[in-house]
């Protein structure tokens, strides 16, 4: 299938998600396919779920891919794996920041303050610092191979801590944060219309991440190639 | 004025989100095309 067609399909897909997320009415007892139920205590603020959770999910996917590429680099010593690892960590950080911003906006309207040092907020702040340090490390080392090697080790360590901060801490410490989508019994309790829009958003954001990852990898490769050309000239 | 924003909050957020997404999409599309051009140029060189 033509890639341009897929990109436009993604555009309309996510535009549809945005339309559904904000245009579908919230009613006490939904009777039609295009109605969301009232979630007590959340009401209209529940709409952020269609963006905040997929952004967090995409950040998790990006950090996992960064870790896998780092492991591959240590095994094969192929520079391409280092590029994929760095590109994915950057995108993970971007989506993590977006998830934090959307979460803060929601917190302002629900808890009255943008930042409350809730366990969820604290754990995501630590995760942001961990991946921020990854880029500080990356820019502090000159030698290409040494940088790739140290960053691969760091990306693996960061990747190992990530599930702890995203999935474990918020579940073992009392938090004001609403129950996760997949609850402690491993079940999803969601109205079918909400679930459809939510899953469509999840798929859309994941596809957007892979497109952005491909672009970032190509940009980094072009940078390396043009620098090598400039050095040779 | 405040009343207007309160009455049309969802519509404003919807329009703003659609506008942002269109901007991001067009930026990525242009970047994709520019990269293709740079890659072709590097291949020739």
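Comparing A:49, A:94, A:129 in a Gaussian network model of chain A (Cα springs below 10 Å), the most mobile by mean-square fluctuation is A:129. Fewest neighbouring Cβ atoms within 10 Å first, the residues B:1, A:67, A:190 line up as B:1, A:190, A:67. Take the alpha-carbon centre of region B:1-17, take the same for region A:117-176, and report the distance between them in whole Å. Here the answer is 37 Å between Cα centres. What the Cα convex hull of region A:107-210 gives, in volume per residue, is 148 Å³. Mean sequence separation of contacting Cα pairs (under 8 Å, at least six apart), scaled by the length of chain A, corresponds to a relative contact order of 27 percent. Within chain A, the proportion of Cα pairs with more than 26 Å between them is 46 percent. Helix A:3-23 and the longest principal axis of the Cα set of chain A meet at an angle near 30°.
If you wrap the tightest convex hull around every Cα atom of region A:79-138 and split its volume per residue, you get 65 Å³. Per the Kirkwood formula applied to alpha carbons, region A:128-168 shows a radius of gyration over Rh ratio, Rg over Rh, of 1.05. Note on chain A: GNM, Cα springs under 10 Å; of A:122, A:58, A:219, the largest mean-square fluctuation is that of A:219.
Computed on the Cα trace of chain B, the radius of gyration divided by the Kirkwood hydrodynamic radius gives Rg/Rh = 1.45.
For region A:1-131, what does the alpha-carbon gyration tensor say about shape, rounded, prolate or oblate, given a ≥ b ≥ c as the root eigenvalues, a/c under 1.5 as rounded, and a/b over b/c as prolate? In terms of gyration-tensor shape, oblate.
We did not get these values from a lab; they are worked out from the coordinates using the rules stated. Remember, predicted model here, so these are calculated numbers, not experimental data. A quick note on method: Cβ atoms are made from the backbone with ideal geometry, for glycine too, and the neighbour counts reach across all protein chains shown.
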